[in-house]
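Asks: This structure is in structure tokens; I'll ask about it shortly.
The values are calculated or read from the model by the stated rules, or taken from the named source; none is laboratory data. On a predicted model such as this, the values are computed, not experimentally measured, just so you know. Note: ideal-geometry Cβ built from the backbone for every residue, glycine included; neighbour counts use all protein chains shown. All accessible areas refer to the heavy atoms of the entire protein, side chains included, with ligands and DNA or RNA removed. Shrake-Rupley method; radii C 1.70, N 1.55, O 1.52, S 1.80 Å.
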Amino acid sequence: MTINRRLLLRTSSAAVAGALGAAALSDTAAAAAMGSDPTGGVTRTLLQKHPSPAEGWDAVQTLVQIPRHRESGRHSHPGVEVGYIIRGDVLMEFDDRPPLRLRTGDPFFIPEGAIHNARNVGTVTTMMLSTYVVDGAKPLVTTYLGVQKVGGGDVPVDSGELMTGGNEPVGVLEPLRERWYRQFEQRRHVA
């Protein structure tokens, strides 16, 4: 099966057009606002969400933007991710396989539960169109801050959800790290 990348880009652009208007920040202004956090300025904008034909699962489409010299942070999804690099150069790093270099126009596939990190290695803000088929009862994104030794092996440390699952509207999300800190503070005050 041959993928017509031009047709895919044209049909994707209609879904992304509104979100692109929000991306008008210059790289210089964005870099000043991000500080030294490697995930600073990374955003995931919900474009659409619908129930999938499989009961309890959702089809979700997002626009992910990763500024220059930034990364998404190690994370996983409770289902598959099918993506397309609209603009930029990405090094997709995995915990369990070699990294994958992706450039403008490249499609990609991430299996369910695969821990990965998208690192912008280009000269512009990377834009990725990602479509997920995920368990609707679980968070769309779970981040991992590191590993801990358990029974002689390394186990990823889960930092909690960054985007809610289920039927809650998500809208435009805060930069990932800011939301994680806010959730951490809320959990700390509840305990």
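Asks: State whether one or more residues within region 98-107 are without any contact (Cβ under 8 Å) to a residue 24 or more places away in the chain, over 19 Å from Val141 (Cα atoms) and of a type in the set (Val, Ile, Thr). Spell out how you get there, then give the answer.
Replies: Narrowing region 98-107 to residues without any contact (Cβ under 8 Å) to a residue 24 or more places away in the chain: 98-104, 106.
Narrowing further to those that are over 19 Å from Val141 (Cα atoms): 98-104, 106.
Checking which are of a type in the set (Val, Ile, Thr) leaves us with 104.
There is at least one residue in region 98-107 that is without any contact (Cβ under 8 Å) to a residue 24 or more places away in the chain, over 19 Å from Val141 (Cα atoms) and of a type in the set (Val, Ile, Thr).
Asks: Just one of Val60, Val16, Val82, Val90 is at pLDDT 90 or above and either closer than 15 Å to Met127 by Cβ or open to solvent by 80 Å² or more (accessible area, probe 1.4 Å) (or both); which is it?
Replies: Testing whether each residue is at pLDDT 90 or above and either closer than 15 Å to Met127 by Cβ or open to solvent by 80 Å² or more (accessible area, probe 1.4 Å) (or both) leaves just Val90.
Asks: While we're here: List the residue pairs whose Cβ atoms are under 7 Å apart, where the first residue sits in region 51-66 and is more than 25 Å from Arg103 (Cα to Cα), the second is part of a loop (DSSP other than H, G, I, E, B), and the two are 6 or more positions apart or on different chains.
Replies: What qualifies is Gly56/Gly136; Gly56/Ala137; Trp57/Gly136; Asp58/Ser52; Asp58/Gly136.
Asks: A further question on this structure: If Ala54 meets every condition in (1) open to solvent by less than 20 Å² (accessible area, probe 1.4 Å); (2) farther than 16 Å from Val141 by Cα; (3) in a loop (DSSP other than H, G, I, E, B) apart from one, which number is that one?
Replies: Failing condition for Ala54: (1).
Asks: May I pose another question? Of everything in region 86-122, what is hydrophobic (A, V, I, L, M, F, W, C) and in a loop (DSSP other than H, G, I, E, B)? Give them in sequence order.
Replies: Ala114, Ile115, Val121
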